[in-house]
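**Q** Quick one: the structure is below, and I'll ask about it shortly.
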Amino acid sequence: MQESDQQNHDVVIVGGGMVGAALAARLGHTGLNVGLVEQGDAPIEPSGDYDLRISSLNARSLAFIKASGTALPQERSCPFRHIDVANQDGTGHSLFSAEDSGMDDFGIFIENQTLQYALWQRLEQLPSVSCYTHCAPISTGTASNARTLELDNGTTLSARLIVGADGANSTLRALAGISVTSYDYHQRAMIINVETELPQQDVSWQVFTPTGPLAMLPLPGQRASLVWYDRDETTKAREQLDNDALKTAIETAFPKRLGGITRIVARASFPIKRQHAQRYIGTRLALIGDAAHVVHPLAGQGLNIGLHDADTLAEIIIKGRDAGDPINLLRFECQRRVANQAMIAATDSFHHLFTGAKPLRQLGDLSLQIAERFPLAKRMMMQQANGLNPFKMR
């Protein structure tokens, strides 16, 4: 293809990460002509130690990925059937069981790079999907029934709908003139992959402390991804510890149920911020995933709500005659903004309840006690968190 060529598609997706690639696979599976623009390389197959970037996939997200024909490797993912939430002194505690919520499990934990690689493997099997790598958008405009996207390699793409799935610093969002609101929690999350003496692979737990949660995300085998939320300066100081000192700090601060640590595999940290786009749509344009919203990661729902964006948009596109129809895009915006705003409010509330002043923390403890005493409420909460209808009977 000549660099000056214009390539025409039904839908063009900017961003080949997990959310963008999942949408491309779902649409391509139906035969729609899809273009996927990715600034970097196509992902390579992961091997060796598990990557630091781990995400949970809930029931709705797994169903969406399955609907695209994508196969996920079981050997690098870990199902979990219990979620244990408590405060530091044990006065507030609630255990959520998948069986009690009418599910076989709550979902899986999987490496981001494993999921992305599996999705790209599926894209290679879909003849109606074209992947444009090592390029990025530099301008966008609208025509009568299409939107165009000019790439930095000289190629121009045209589609009835262009979707921004290019992350929190979305280039497409900036080119479309869509602003964001943001909030800095002045916290960092330290991610530490470890090998443990004890097997506890079917449970994910989180303990709230006044400075932030401590969380354990199970991985295959006696491995875990630990998440340690704390103040910026405290976390940065902790990052300077050698592995032996960090191991001691973990075993001192984390609940005894974690057991001994046999090896620290890797560690990193990132700042905790919230971000929300002022709008999700424009003329023949839509934003999904982190391009539209970034939520506090304490509930582990960031990727899930991005995939739910993609699921909602895919169903609207597949059922409609015109992928960029403004009425359909407005329907997408209304459905997803309500759901995402609710998740932002929920994660904000949990953060402030358990890290705020003592009266707020006491209220947070009480909320856990109430959740534990009302099984129907627990069932509805977990089905809602999994993107399911909480009112559907078993």
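**Q** Measure off 7 Å from each Cα along the Cα-to-Cβ vector at Ile44 and Asn153, then give the distance between these two points in nanometres to one decimal.
**A** Each label point is offset 7 Å from its Cα along the Cβ direction, giving 1.9 nm.
**Q** Counting only helical runs of four or more DSSP H residues, what would the 222 nm mean residue ellipticity of the chain come to if each run contributes -39,500 (n - 2.57) and the total is spread over all its residues? Could the numbers behind the result be given before it?
**A** Working: 10 runs with 133 residues, N = 394.
Rounded to the nearest 500, the figure is -11000 deg cm²/dmol.
**Q** On the first, second and third principal axes, largest extent first, how far apart are the outermost C-alpha atoms of the stretch 103-242 in Å?
**A** For the stretch 103-242, the Cα spread along each principal axis is 60, 38, 34 Å.
**Q** Per 0.36 nm of contour for each residue apart, how much would the distance between Ala253 and Thr142 grow if the chain were fully extended, relative to their Cα-Cα spacing?
**A** Numbers: separation 111, 0.36 × 111 = 39.96 nm, distance 5.50 nm.
Gain in length upon complete extension: 34.5 nm.
**Q** What's the center-to-center distance, using Cα atoms, between the stretch 8-69 and the stretch 95-157 in Å?
**A** 3
**Q** Excluding Thr248 itself, calculate the net charge of residues whose Cβ lies under 13 Å from the Cβ of Thr248, where each Lys or Arg counts +1 and each Asp or Glu counts -1.
**A** On the way: positive: Arg238, Lys247; negative: Asp242, Asp244, Glu251.
That sum, taken over residues with Cβ under 13 Å, equals -1.
**Q** Which aspartates and glutamates, on any chain, are close to Lys66 with Cα under 20 Å apart, when same-chain ones fewer than 8 places away are left out?
**A** Glu45, Glu75, Asp104, Asp105, Glu111, Glu124, Asp309, Asp311, Glu315
**Q** I'd like the Karplus ³J(HN,Hα) series for the stretch 41-49: coefficients 6.51, -1.76, 1.60, θ = phi - 60°, whole numbers in Hz, and an x wherever there's a Gly or Pro.
**A** Each residue's phi maps through the Karplus curve to give 7, 5, x, 9, 5, x, 8, x, 4 Hz.
**Q** Over all directions, average the projected area of the Cα convex hull of the stretch 5-136 and note it in nm².
**A** On the way: hull surface 42.3 nm².
Average projection, Cα convex hull of the stretch 5-136: 10.6 nm².
**Q** Also, quick follow-up: Rounding to the nearest 10 and keeping the result within 0 to 90°, find how far the Cα-based axis of helix 112-124 lies from the longest principal axis of the chain.
**A** 30
**Q** Rounded to a whole number, what % of the accessible area of the chain do carbon and sulfur atoms account for, probe 1.4 Å?
**A** Details: 8930 of 17490 Å².
Here it works out to 51 percent.
**Q** How much length is gained on full extension from Ala266 to Cys135, taking 0.36 nm per residue of separation minus their Cα-Cα distance? Intermediate values should be presented prior to the final figure.
**A** Working: separation 131, 0.36 × 131 = 47.16 nm, distance 3.09 nm.
My answer for the length gained is 44.1 nm.
**Q** Taking amide hydrogens as modeled 1.01 Å from N in the peptide plane, which residues meet the under 5 Å criterion relative to Ala266, leaving out close sequence neighbours?
**A** Correct list: Asn193.
**Q** Roughly how many Å² is the accessible area per residue of the stretch 1-48, as a whole number, for a 1.4 Å probe?
**A** Values: 2100 Å² over 48 residues.
Heavy-atom accessible area per residue stands at 44 Å².
**Q** May I pose another question? Cross-link candidates for Lys247: which aspartates and glutamates have Cα within less than 14 Å, leaving aside residues fewer than 8 places away along the same chain?
**A** Candidates past the 8-residue exclusion: Glu195, Glu197, Glu239.
**Q** Next up: Output the 0 to 90 degree angle, nearest 10, between the alpha-carbon long axis of helix 326-355 and the longest principal axis computed from the alpha carbons of the chain.
**A** 20
**Q** Measure nothing but the geometry: give the 0 to 90° angle between the long axis through the Cα atoms of 375-385 and the longest principal axis through the Cα atoms of the chain, rounded to 10°.
**A** 40
**Q** A further question follows. Once the other residues with Cβ under 14 Å from the Cβ of Ser47 are scored (Lys, Arg +1; Asp, Glu -1), what is the net sum? Show your work: numbers first, answer last.
**A** Working: positive: Arg76; negative: Glu45, Asp49, Asp51, Glu75, Glu111.
Taking every other residue near Ser47 into account, the sum is -4.
**Q** Quick one: accessible surface of Met18, probe radius 1.4 Å, all protein chains present, in square angstrom to the nearest 10.
**A** My reading of the accessible area for Met18 is about 30 Å².
**Q** May I pose another question? Treating cross-link reach as a plain straight distance, find the aspartates and glutamates whose alpha-carbon is under 20 Å from the alpha-carbon of Lys236, omitting any fewer than eight places away in the same chain.
**A** Asp184, Asp244, Glu251
The values are calculated or read from the model by the stated rules, or taken from the named source; none is laboratory data. None of the values given here were measured: they were computed from a predicted structure. Quick reminder, even Gly has a Cβ in these numbers, built from the backbone with ideal geometry, and neighbours come from all protein chains shown. For the accessible areas, the whole protein counts, side chains as well, though only heavy atoms, and no ligand, DNA or RNA atoms are used. Shrake-Rupley method; radii C 1.70, N 1.55, O 1.52, S 1.80 Å.
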